[in-house]
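These notes are about the structure you will find just below.
The values are calculated or read from the model by the stated rules, or taken from the named source; none is laboratory data. Keep in mind that this is a model prediction, so the values were computed, not measured. Here the Cβ positions follow ideal geometry from the backbone for every residue, glycine too, while neighbour counts run over all protein chains shown. Note: accessible area is taken over every heavy atom of the protein model, side chains too, but ligands, DNA and RNA are not part of it. Shrake-Rupley method; radii C 1.70, N 1.55, O 1.52, S 1.80 Å.
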Amino acid sequence: MNFENKNFILAIILSMLIIFGWQYFYAAPLQKKLATSTETSQSQQPAATGQTAPATGAVVPGISPEAAAVNRADALAKSPRLKIETDFVSGSINLKGAMIDDLHLLRYRETIDPNSPTITFLSPSGTPGALFAEQGVVPATGTTAKLPDPNTVWTAPAGAVLNEGNPVTLTWDNGEGLKFIRKIEVSDEYLFTVTQTVENTSQAPVALIPYARIQRQDTPTVSGYWVFFEGMLGWIDGSLHELHYKDVAGQTEPDRRDTTGGWIGFTDKYWAATIIPEQASNVTASFIHTKLDGRDLYQTDYLAKDAIVVQPGATASTTDRLFAGAKVVRTINAIESLYQIKGFSYVIDWGWFYFLTKPFFYLLDWLKGIVGNFGIAILLATVLVKAAVFPLANKSYASMSKMKKLQPEMERLKKEFPDDKMKQQQEMMALYKREKVSPLSGCLPVVVQIPIFFALYKVILTSIELRHAPFFGWIHDLSAPDPTSLFNLFGLIPWTPPHMLMIGAWPIVMGITMWVQMRLNPAPPDPVQASLFNWMPVMFTFMLGTFPVGLVIYWAWSNTLSVLQQSLIMKKHGVDVNLLGNVRNSLPFLKKKVSS
């Protein structure tokens, strides 16, 4: 196998190994090590003056699911509710416990069918896959007053509906001189702001400790990709803390950590639910797993370290927030900036190569804003990438053209020293030095573009902006594999091939362009090596057949541009670009047929 072909293959293999090896052997273990490191000790703070006191002994309540799981419709009908209705979400607030446990994401549907159901994100306790949030207060040491709990039924104004610009106020009186007022607002598409106010008309002060929690019932089905995280996470004490469900389920004690501000919650591939304390407040955040009646219960919560003391005749308030919705980059960034929420942008998993992933996303998003289609944006971004590496590629292809012109001389050296490989290599290296060419020149464009390929893979796979994003023709979702298959003649045969045989039209186009690009290089003299080299596009076609089609389109278009660029450079250097001849010489059976 000649140097340029061998190095081209090695460049692809080594680049893939470096990137995926980094993630598998270093990044992933480091994340796990950080996630399971020794929990921060919960040191007791001295009693504060004025409106705060130590929160010793307080516990965030837990909710058990129903003894028998109930369907969603029955669960919603069992309790009084207040309607939520905005341009982005719909659902209801459970007045029993004042929980936000019913939420649909109106801008997103379960499938690409426009008539399919909208995404159901939050669901009441007891339903399959329940996910819900609650804010509240618990008593500090010495406080015996009756406080609202998860079973408290709150009062809402008749006919009230929560929407943007129209907050709702819930009230509950304990009959002992304490009135609890809960104001709930929704803004910024998926952000709920909850202000809890306590009016004390009794004769004694009360000390209350604010808390918030999100509970998920049943272990969710995750995508299983190692390139992005799904599970429990939070911004704790200035860094991201992530726990996979299986890791939390294996713990014997809750994972508790002290932090100032930050956030904590659950993240799925495209959606997230997080609770956000006031950023100046000191809280203890917890990641908890329990099992009840065979069901897994996961809870993320925080508990204020300082109590709010409400003197007789006084009023006190505390505010926190709940984000429950789609991980739209623009929305997440706006919320982080507007409310100064520490590390909130990390709810989107940009990965360890964020310095490539984020800029590539912003480039695609900017181009999409101009042309109106992410598929076209990918094509334009590919052109820009090619333009950026043009000087390097130009130099590389020029060197490869010289290498091709040296092919007859290289063949002469092989025949002159057929049994002395060392002498043969020495003479070839002297030839390269004399002609000022590098056998490694063909690797450079590939090495440069592999990280870009990985960044695009990450963007397409994890960004909700590309979920169900159409291209043209049969491509209705750039984030999913090509839905067609060669093995049922692209739908002509009424049969669905197994997953490994779902080799669609675009992967085939990619394989063809890759094969054509390789034909621009001299064919290896050894038939076995030539056969192996010829099978590489086939292997890549099968490998990329299950990848997001947006990535396959990028690779096919990139190959096409490379073929055009390399052909022009080779012609400029006097090299005859005869693809048909190269094809005949690279396939032994065609060569024999022509000879006969």
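For segment 135-266, what is the relative contact order in percent, using Cα pairs closer than 8 Å and at least 6 residues apart in sequence? Before the final figure, lay out each step's value.
Numbers: 182 pairs, mean separation 25.7, N = 132.
About 19 percent, as a whole number.
Name the shape class, rounded, prolate or oblate, that the alpha-carbon gyration tensor gives for segment 240-357, where a ≥ b ≥ c are the square roots of its eigenvalues, rounded holds for a/c under 1.5, and otherwise prolate holds if a/b is larger than b/c and oblate otherwise.
Oblate is the answer for segment 240-357, as a/c is 1.5 or above yet b/c matches or exceeds a/b.
Please give the FRET efficiency for TRP535 paired with TYR362, using the beta carbon to beta carbon distance and R0 = 45 Å, rounded to the nearest 0.05.
Rounded to the nearest 0.05, the efficiency is 0.75.
Treat each spin label as a single point 7 Å out from the Cα along the C-beta direction, and report the LYS291 to GLU253 distance in nm.
Simple spin-label model gives 2.1 nm for this pair.
Using the per-residue mean of other Cβ atoms lying within 10 Å as a proxy for protection, in what order, highest first, do the peptides 535-543, 499-507, 191-199 fall?
Result, highest mean Cβ count within 10 Å first: 191-199, 499-507, 535-543.
If each of VAL161 and ILE512 carries a label point 7 Å out from its Cα toward its Cβ, how far apart are those two points in nm?
5.4 nm
Find the centroid of the Cα atoms in segment 148-201 and in segment 324-359, then give the distance between the two in whole Å.
29 Å
Among rounded, prolate and oblate, which fits segment 91-213 when a ≥ b ≥ c are the square roots of the eigenvalues of its C-alpha gyration tensor, a/c under 1.5 means rounded, and a/b larger than b/c means prolate?
The shape class here is prolate.
Which FRET efficiency value, to the nearest 0.05, do you get for SER187 and SER317 by plugging their Cβ-Cβ distance into 1/(1 + (r/R0)^6) with R0 = 22 Å?
On the way: r = 18 Å, r/R0 = 0.83.
That gives a FRET efficiency of 0.75.
Order these peptides, 82-88, 127-133, by their mean beta-carbon neighbour count within 10 angstrom, highest first.
Per-residue mean Cβ counts within 10 Å order the peptides as 127-133, 82-88.
Just by accessible area at a 1.4 angstrom probe, what is the order of GLU110, GLU409, GLU189 from largest to smallest?
GLU110, GLU409, GLU189
Sort 335-346, 113-124 for me by packing, meaning the mean count of neighbouring Cβ atoms within 10 Å per residue, highest on top.
335-346, 113-124
Which net charge results for the neighbourhood of TRP271, defined as the other residues with beta-carbon distances under 14 angstrom from its beta-carbon, given Lys and Arg at +1 and Asp and Glu at -1? Could the numbers behind the result be given before it?
Numbers: positive: ARG107, ARG109, ARG216, LYS269, LYS327, ARG467; negative: GLU110, GLU189, GLU230, ASP268, ASP349, GLU465.
Summing Lys and Arg as +1 and Asp and Glu as -1 gives 0.
So what are segment 228-300's ellipsoid semi-axes, whole angstrom, largest first, if each one is the square root of 5 times an eigenvalue of the alpha-carbon gyration tensor?
For segment 228-300, the ellipsoid semi-axes come out as 21, 15, 10 Å.
Mind checking which aspartates and glutamates have their C-alpha under 15 Å from LYS415, skipping anything on the same chain fewer than 8 residues away?
Excluding near neighbours in sequence, the set is GLU427, ASP526.
Cross-link list LYS269/LYS358; LYS433/LYS572; LYS83/LYS305; LYS386/LYS414; LYS183/LYS291; LYS291/LYS327: which exceed 27 angstrom alpha carbon to alpha carbon?
Over 27 Å Cα-Cα: LYS83/LYS305; LYS386/LYS414; LYS183/LYS291; LYS291/LYS327.
At PHE355 and PHE390, where each label point lies 7 Å from the Cα along Cα→Cβ, what is the point-to-point distance in nanometres?
Output for this residue pair reads 2.6 nm.
Tell me the volume per residue, in Å³, of the convex hull enclosing the alpha carbons of segment 172-284.
In segment 172-284, the Cα convex hull volume per residue is 163 Å³.
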